[in-house]
1. Using 7 Å Cα-to-Cβ label points, what is the residue 324/residue 239 separation (nm, one decimal)?
2. Given contacts defined as C-alpha pairs under 8 Å and at least six residues apart, what's the relative contact order of the chain, whole-number percent?
3. Exposure proxy check: 194, 67 ranked by fewest other beta carbons within 10 Å?
4. Could you identify which residue out of 237, 111, 45 has the top mean-square fluctuation in a GNM of the chain using Cα springs shorter than 10 Å?
5. Considering only the chain, what is the antiparallel percent among its DSSP beta bridges, to the nearest 5?
6. Compute the long axis of helix 107-120 from its Cα atoms, compare it with the longest principal axis of the Cα atoms of the chain, and write down the angle in degrees, 0 to 90, nearest 10.
7. For the chain, with a Gaussian network of springs between Cα atoms less than 10 Å apart, report the residue from 240, 191, 38 with the top mean-square fluctuation.
8. Which of these values of semi-axes √(5λ) of the Cα gyration tensor in Å was calculated from the structure shown: (1) 35, 21, 20; (2) 72, 30, 19; (3) 31, 25, 17?
């Protein structure tokens, strides 16, 4: 039987298949139920010893698998060839391409990308955060305890009865999470959606995009903060008058509001300040060794100035007439 099996192996490998008729002839010759050589030899196994039965039985079964693979391989090649032929018939690859009008970036996405580029030029890294936060990262770690009056300015949407899970009210929670996991020096920018329970109008919404940046290192000063703010506003709005006005934020001390002189009046656009030492202590950064500043700015109001838009609600109306105006900003 060994001689017969060796000859079958050679015949299987040398059998040339070109047509479906060849496939059928190949199948009948080797695995056909009535005339197939492999089924015939399998019937002869009963005349062999138990040990040889196991050996040659395994070899014959492997040959059946080999035959089926060769048949399947031919079918796959034929199908592949057929589909390729059909594609060539239906599509002429030599025809010149046609111009297809592409979409455009949303004005807020354009501004976000510009902010990232502006700050990456001075060594800031971009970090994303969570829109769903807990009380500690959103409030308590930022020097806003449960009974603090400033929480009234951050009225938001709570996601469970104990009010520990909420939609973040500012991107400052990213600052806390990043400072917990990394050591100074730190230069970070984060941009994302924030949520507050505000009346929807031409100048406010319950959801808006905020960009927050912070810098922590040894001997960081308010002068460094002012230089950074001037650099950002000059890069976005060009040469425009800026003023720093004393203000209050629980997580910075001293704090300031930033106004720009726009349309013959002073317009508030952002807040900033030196990070309160208590905030640094909350994330286990030595406030005696390190200092830092932080700033936050809303993208919607900034985009109103850049694009001379009168109503920020149009950002979210999905009006193609409005969005198509920004196509050129892609290039």
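1. 3.8
2. Numbers: 447 pairs, mean separation 49.4, N = 331.
Relative CO of the chain lands at 15 percent.
3. Values: 194 25, 67 20.
The order, fewest Cβ neighbours first, is 67, 194.
4. So, out of 237, 111, 45, the one fluctuating most is 45.
5. Values: 43 of 45 bridges.
Restricted to the chain, the bridges split so that about 95 percent are antiparallel.
6. Tilt relative to the chain: about 80 degrees.
7. 38
8. (2)
Values quoted throughout were computed directly from the atomic coordinates according to the rules given, and no laboratory measurement underlies them. Being a predicted model, the structure only gives us computed values, none of them experimental. Every residue, glycine among them, receives a Cβ derived from its backbone with ideal geometry; neighbour counts consider all protein chains shown.
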